[in-house]
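Below is one structure, written out as structure tokens; the observations come after it.
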Amino acid sequence: MTLMSFVYGFLAILGAFVFQTSLTGINRKVTARLQKRRGPKWYQQFIDIFKAFSKSSITHGWVYDFGAIMALGGIAATVIFIPVAGFQSFPGLDNIFVISYVLAVGMLGMAMSAAGSGNPWASIGVSRALTNMLAYDIPFMVIVFTLIYQHQTGSVSELAALQQGAGIWGWNAFQLPLGGLVAVIALFGMLGKKPFDSFIAPAEIASGPMVEYGGKQLGMMFTLHELMTFIEVSLILNLFFGGGETLWVYLLKYAVLYTFTNIVSGVMPRFKIDQAVTFFYKVPLGLALVQGLLVIFGGWGY
Amino acid sequence: MMGSIIWLIALPLLAAFVSVVAQTYQYGLLVVTLLMNLLVLFAAPQGLTIIGGYEPPFGISLLFDQYALIALLLIQVLLLLIIVLARPLAKNYTPVILVMLAGLNGMLLTNDLFNLFVMIEIVSIAAFILSTANGKLTHTFHYLILATVSGVFFLLGTVLVYAYTGILVVQGLMMRLASLPVALSLIPMMLLIFGMAVELKLVPVSSWAKNIYGQANLLTGPIFAAVLAPAFGFVFGRMMNEVIVLHSLTGYTLLVMAISTFVLGELAAYRQTDLLKTLAFSSIGQSGLAVMMFTLGAPWAGILLLINNALAKSILYGVATGVTAAYGNASMGVLKGVFYHHRLLGVAFSLASLSLVGIPLFLGFFAKVSAVMAIFSTGLIWVPVIILLTAIVEGAYVMRWLLQLWSPAFEGYLASKKELPQKRNVFSAQQILVVGVLAVILFTMGLMPQRFVDALQKTQPAMAQYEMVGQGEQQ
Amino acid sequence: MIQFAGIALILIGIYGLMTTKHMIKLIIALNVMELGANIFIISIGFVAHGLAPIYTADLPNQAFSFVDPLPQAMVLTAIVIGFGVSALGLVVAQNIYKKHGTYDLSEIGGEE
Amino acid sequence: MMTMIILFMIASILFAYVLSLKEPKWGAYATLIVSLAGLVGVSLLRGSVGETVSFYYLHFTVTTIGWYFSMILLTVYFTATFFHPFWMDQLIYPAAYNALFLLSLAGTVGLFFAQDLMTLFICWETAVWSSMLIVQQGKSRQAAWVYFVMSAIGSMATLFAILLTIFMSGTTMITDAFIYFMGSPALGGLVFGAFILSGLTKMGIFPFHVWLPLAHGSAPHTFSPVLSGGLVKMGAYIAYLSVAVFPAYQVFGDQLMLQGVPLPIYALMLLGGVSIVYGTLRAIQQDDAKRLLAYSSVANGGYILIGILMLDQMAFAGGLMHVLNHAVASAAAFLAMAAVAKRTGTTKMSELGGMIHRMPVTYVVYLIAIISMAGIPPMGGFVSKWLIFQGLSHRGLIFLATAAAFGSIGSYLYVFRPLSAVFLGQLAPKYEKIKEADPLMLIGMLLLTAMSLLLGIVPNVVLRTIAQIQIELGIDPIMIKGTITATQNGSVNMLSVFTVFGFGFLLILILFLVLPKSRRVGLMDTYTSAEFIHTPELLHYGHHFYAPFERLYEKWPSVLPLYQRLSLKLKEMGEWAETFFFHAEPNRAVFWMVLLVILITVGGAR
């Protein structure tokens, strides 16, 4: 842990933000094309965020601000933990459980801030977001357990490195196809992409947890969303698609994976939240358990 | 002069006759007699006292050993405390109590089977009369019929024993009986067991106890539960030690009767909503447990259970009948929260009930542990399972009562002083002192269980030869 | 033979105890049972052509043919006890009659 | 030293009682001082492991594990006493409360230091009945009763096991007695199952959990933290004894093995898994904050049980550490709720809201507590859950891992519930005037908060003790290097995690401060889709927070009715017995007697 680590960490946050925000902008265009629109400029997302930062804002009390800081701080810290193409600012902190739980700090902060606003819509959104998390995380965790059992390591960078060198077929997504499928479905849940976006549901609960935000808090929430997307996509990328041997390969794979989810999401309807739970516990959890049992008792993947 | 154990029987009888004449001094006479009995107990040497110069097996003799000492001591002390506790009631029944005392002492001392029958009948008649104090004569009548029928059984058993062996001396009778063929000894043994079953409150002949115990007053409750019950228990223990040869048939019948008494008694107690009825069924159940111990050849465990039960029940009945009399009813709704007004009684009651259930730090726990350990050594692993399962039920209802009696609060709310029942006068200071003394005795015994258990284990008569159920026939 | 008479009486007494709820009849049945028991006891000590167990001058001639005295002593005691119990039972029954106006237990209603 | 502590405890019980009779508040302060003295005294025992002392028929010895557990219990008891002075007027028997509080404390400490099985049981039962009598001073007698009965089921099973062990092995020493069962799996299985039952009931493992929400939910507010943080952990100690001291893995060595775990132990672990899922689901449903926390104790009991039963390098350490983490977190959460209840008089979440604006410190205490309880870094709860996860995935126990994951994510849902409904959201006008909790209470709570935080940042302080326990048991100890905690399949450096987290937080804080300042508006000044609502209560989202999710399982059967039905059946059997055998008619009894006589005569004649 040296000073340079912190500098690298800061750069990682910045880089992730810039990359993911640009990608979001591009994907807004992609979505628009799917819907036969022209779509905004590719840097529109940057404009939105910086505009929000510059506007005057209101606050509903200290926990409203504190929650937002805690959320974005937690997520920013999580970005530092993510190994990108084998590179880590702080080596040895990339345990999968650490990442997924530090992520929860951000979630909790956001939920706290939203509920602290006193707006019931926000609370409803939070309740749906947490329920959604309970739905997608269980199948994902089962697959993660399976991976750790199979490779006897919980380090994300090691898991990524283990897949490299054997071409595409070395990827866990192909080694454990059921698991890979589950992970991709879970990614949709994580990202809040359709069909699992009911916690945002602009039509019925006024954009969910975000309803009460404006000004710099809204800007922070946008930033948070971008960073969170980066973490989640990176996690799936590292665990199931072999990470990246070099930064460029990594970013390319990342862009493909993200765009893929976006395109699929563009043609999907929306689950109600309880339908999402039922779906995740029926299909992906079942697949994950089958995959796990095959690996543990069937010796698949050795 | 005081050196002979026979005074234990003679003194109360004498006092009983005198008390009929000297009505004004009745109560004093009773107390003095009990105190003198205690003196006699400590002064008299242990051993066999032969009456009238006839050597056994021809004459009647009294056997005063460690076992008898414990039983007699327990009974004199408890009776003394109970008559002080229930002084106004005891005054009216002095001659009866004195005769009963003579009978009890005789019952525990006698070394002659027929004499034992006579003493049991004397005690029974005294108990019938005493039970009329409850004011429910139909229950007395019920008790009278059952006890007399079983008395006839006991008599027939005694006579058959005499017919087959030619002697009636209790000590060592088992040796003679064991040498008889099973076909001969089975019926007298069975008759003797059924002769005692009614007083021991064994299922299926314990129906009398429900109402006699369940509607007791301050005098009869403690006397029945804390004096008569242990006395008959001790007699049964003596019989199991010295007389009764168990065959597999009688043995298993007795064991099943004892176990079902314990289980069914506690289950019936579990459903009661009347404090006295609960205690009545609890007495039935506990008696079954003690009988089980004597049957399985663990007399010291049986003695411990009897002592624990006697002490605990004297407190429980004393407090319960006192509170019932003061508040008019023994139902759960009426007695809710009464201990708020009567803290000392409440503490004594709680102590006694914890000990009754067999919760650690109290005597009852050590009684229960020695019971279970003793049963393990017979190889019957399922019996402790039943005992401990039933102990859960027992604990459940005792605790339900404790909680209700202590807390005036409604369910779902914190207690407040508004809900308390109107305070009524239950006991005088003197009576509270007696309850306190009983509680202190019980508590102190629980503090030194090891010494106590050791002393009890020594009381097994050296010649006793236990017949284990399930260890085959003794021909 | 006489033993069977005793046993028969006991059984009759038990039959009465099981079937009637009339208090006086119950006490009578109890007495019948006790009577049977007493006869049975006497029969135990019975020795055919036995003498009263009193030592007399011509004892040596009749050695070993005493009637056993002990059962008789027992019976005496048992009769006394039986008498006491019956008397007590009758008093109780009469008091119940005074209170409830009937001797029949089923009409009083045992429970509460 | 040990003798002094014991004598001190006994004397202090009487002292506190007498003092409370005089003035309940003094007694309450006495409990504070006594438990502090106990804490200091026991902490000094660390060096004297192996010292034994006999006190009449009770025999005690100092062990590392006993020391560890006692310290946890004493910490919880100690912090709860900070609340006592403020609650004396709510109790009708304050003197009894204080005395029984210390008695249960003595019982639990005695349990952990017990050298022989009888002492173990005596201390166990003492703690149970004394705490039961405290619970009855709360809102519900029924709860205290259910608590006692469920405990009795466990205790009696354990007593059976203990007595059988003593009888079979001929020794009462805990360390020697169980060795007897090495060669006899059948008998060993019986003893193992019976012995651990009291631990299961106490921890609230699935079918025996029914007492826990009742008792924790309705105990006096000052005692719920002790119940959940302290007494439940006695069950963990029993679980420890029955797997580590009882040679369970050896006894069941020739049984069917599932991923290296013998079937009987695996079955118990599955029960732990069921508890996690069940406790989580039920906690999500609750409206009363204390009942919610009680169900979360059920779920966390499952983690502890699974961890301890694994008896390996990782999960075992995690289980033991989770005992501490959950004790600290749960006690803090209960205490925070107690502070709220003290000011508002209720713990129902739907009746509260916006407390953060009146009780900010209490809020922080609760926040830190739930972060730890949910296992989120950088609090203590994360480390122990992480170790359990690592252990489970190392062995490949996939179903247990699924349950653990469910409980972990599910805990976000239920711990957030009170946070949102009690502390956040709209402040009802009736609570406009309330004040922050008393400073003395805050001290007690903040002590626990600091502990949660410290345990998360430098977990190795505790893991060192646990490693020593593991060494004493002869299993691989958890690896500790500086601030790095390492296992066979992963390592974590909690100090770095905390630093990075702090770094991220700092960056964003700077960003936040640099950006234009926000204007403060009222809570009612919110976007409401053009509806005009002027009642804060109506704008508070507190009822059925997770309604869509709850609807999925609201019809699932509950366990309590089964026990109620059993109780009813017992009563019916009692009634049946009363009709048949205890009927007030002489004829029937004579009939039974004669019937038996005839049967025996006939039987004997054959």
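The values are calculated or read from the model by the stated rules, or taken from the named source; none is laboratory data. Quick caveat, the model's predicted, so the values are computed rather than measured. Neighbour counts run over all protein chains shown; Cβ positions are idealised from the backbone, glycine included.
Summary of values
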| read-out | value |
| --- | --- |
| Only listed residue being within 14 Å of chain D (Cβ to nearest Cβ), surrounded by fewer than 24 Cβ atoms within 10 Å (Cβ to Cβ) and at pLDDT 90 or above, chosen from B:PHE128, B:PHE194 | B:PHE128 |
| Subset of segment D:193-248 (residues that are polar (S, T, N, Q) and farther than 19 Å from D:LEU263 by Cβ) | D:SER198, D:THR201, D:SER218, D:THR222, D:SER224, D:SER228 |
| Residue tally, condition at the interface with another protein chain (Cβ under 7 Å from one of its Cβ atoms) and in a helix (DSSP H, G or I), over segment D:133-160 | 11 |
| Some residue of segment D:556-567 being in contact with an Asp or Glu (Cβ under 6 Å, 6 or more places away or on another chain), at negative phi and at the interface with chain B (Cβ under 9 Å from one of its Cβ atoms) | no |
| Selection from segment B:65-81 of residues that are crowded, with 21+ Cβ neighbours inside 10 Å and of a type outside the set (A, V, I, L, M) | B:TYR67, B:GLN76 |
| Total residues in segment D:113-131, condition within 7 Å of chain B (Cβ to nearest Cβ) and crowded, with 24+ Cβ neighbours inside 10 Å | 2 |
| Filter pass, B:LEU267 being under 23 Å from B:THR378 (Cα atoms) and within 14 Å of chain D (Cβ to nearest Cβ) | no |
| Segment B:418-446: number of residues that are touching a residue at least 60 places away in the same chain (Cβ under 8 Å), in a helix (DSSP H, G or I) and either within 14 Å of chain D (Cβ to nearest Cβ) or surrounded by 15 or more Cβ atoms within 10 Å (Cβ to Cβ) (or both) | 14 |
| Residue selected from segment D:71-92 under the condition modelled with pLDDT of 90 or more and assigned to a loop (DSSP other than H, G, I, E, B), by the criterion nearest to D:ALA219 (Cα to Cα) | D:PHE83 |
| Residue match in segment D:541-558 (condition: part of a loop (DSSP other than H, G, I, E, B), crowded, with 18+ Cβ neighbours inside 10 Å and in contact with a Lys or Arg (Cβ under 7 Å, 6 or more places away or on another chain)) | yes |
| Meets criteria (surrounded by fewer than 18 Cβ atoms within 10 Å (Cβ to Cβ) and more than 8 Å from every other protein chain (Cβ to nearest Cβ)) for A:ALA32 | yes |
| Residue in segment B:142-165 that is at positive phi, within 21 Å of the chain's Cα centre (by Cα) and not β-branched (Val, Ile, Thr) present | no |
| Unmet criterion (only one of (1) out of contact with any Gly (no Cβ under 6 Å at 6 or more places or on another chain); (2) over 30 Å from D:GLY391 (Cβ atoms); (3) not polar (S, T, N, Q)) for D:GLY354 | (1) |
| Any helices (runs of 4 or more DSSP H) falling wholly within segment B:123-218 and containing at least 3 residues that are among the polar types (S, T, N, Q) and either free of Cβ contacts under 8 Å to residues at least 60 places away in the same chain or closer than 30 Å to B:ARG271 by Cα (or both) | B:137-165 |
| Helices (runs of 4 or more DSSP H) enclosed by segment A:192-299 - at least 2 residues per element that are touching a residue at least 40 places away in the same chain (Cβ under 8 Å) and either over 30 Å from D:ARG520 (Cα atoms) or under 14 Å from the mean Cα position of the chain (by Cα) (or both) | A:215-240, A:247-266, A:273-296 |
| From the options D:GLU572, D:GLU537, D:GLU578, residue that is assigned to a helix (DSSP H, G or I), in contact with a helix residue (DSSP H, G or I) (Cβ under 9 Å, 6 or more places away or on another chain) and over 24 Å from B:PRO204 (Cα atoms) | D:GLU537 |
| Helices (runs of 4 or more DSSP H) wholly inside segment D:383-490 that include at least 1 residues being over 27 Å from D:SER275 (Cβ atoms) and within 14 Å of chain A (Cβ to nearest Cβ) | D:439-457 |
| Selection count where residues are in a helix (DSSP H, G or I) and either crowded, with 18+ Cβ neighbours inside 10 Å or at pLDDT 90 or above (or both), scope segment D:250-262 | 1 |
| Options A:GLY67, A:GLY116, A:GLY86, A:GLY154; residue that is small (Gly, Ala, Ser), free of Cβ contacts under 8 Å to residues at least 60 places away in the same chain and more than 7 Å from chain D (Cβ to nearest Cβ) | A:GLY67 |
| Check on A:LYS41, free of Cβ contacts under 8 Å to residues at least 24 places away in the same chain and either among the basic types (Lys, Arg) or in contact with a Lys or Arg (Cβ under 7 Å, 6 or more places away or on another chain) (or both) | yes |
| Residue ID - nearest to the other protein chains (Cβ to nearest Cβ), chosen from residues in segment C:70-112 that are at pLDDT below 85 and more than 20 Å from B:VAL152 (Cα to Cα) | C:GLY110 |
| Test for D:ALA267: is it within 15 Å of the chain's Cα centre (by Cα) and part of a helix (DSSP H, G or I) | no |
| B:PRO88, sole failed condition from (1) at pLDDT 90 or above; (2) under 19 Å from B:PHE224 (Cα atoms); (3) more than 18 Å from the chain's Cα centre (by Cα) | (1) |
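Listed here are the residues, each with its yes/no results for (1) assigned to a helix (DSSP H, G or I); (2) surrounded by fewer than 23 Cβ atoms within 10 Å (Cβ to Cβ); (3) more than 11 Å from chain D (Cβ to nearest Cβ).
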position: B:THR321; (1), (2), (3): yes, no, yes
position: B:ASN329; (1), (2), (3): no, yes, yes
position: B:VAL334; (1), (2), (3): yes, yes, yes
position: B:LYS368; (1), (2), (3): yes, no, no
position: B:MET373; (1), (2), (3): yes, yes, no
position: B:THR390; (1), (2), (3): yes, yes, no
position: B:LEU402; (1), (2), (3): yes, no, no
position: B:GLU411; (1), (2), (3): no, yes, no
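Residue-by-condition table, conditions (1) among the aromatic types (Phe, Trp, Tyr); (2) over 15 Å from the mean Cα position of the chain (by Cα); (3) assigned to a helix (DSSP H, G or I):
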site	(1), (2), (3)
A:GLY9	no, yes, yes
A:VAL18	no, yes, yes
A:ARG33	no, yes, yes
A:LYS36	no, yes, no
A:ILE49	no, yes, yes
A:PHE53	yes, yes, yes
A:LEU103	no, no, yes
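A quick yes/no check of all residues on (1) without any contact (Cβ under 8 Å) to a residue 12 or more places away in the chain; (2) under 20 Å from the mean Cα position of the chain (by Cα); (3) buried (at least 23 other Cβ atoms within 10 Å of the Cβ):
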{"position": "D:GLY138", "(1), (2), (3)": "no, yes, yes"}
{"position": "D:ALA144", "(1), (2), (3)": "no, yes, yes"}
{"position": "D:SER155", "(1), (2), (3)": "no, yes, yes"}
{"position": "D:THR158", "(1), (2), (3)": "no, yes, yes"}
{"position": "D:ALA161", "(1), (2), (3)": "no, no, yes"}
{"position": "D:PHE167", "(1), (2), (3)": "yes, no, no"}
{"position": "D:ASP176", "(1), (2), (3)": "yes, no, no"}
{"position": "D:TYR180", "(1), (2), (3)": "no, no, no"}
{"position": "D:PRO185", "(1), (2), (3)": "no, no, no"}
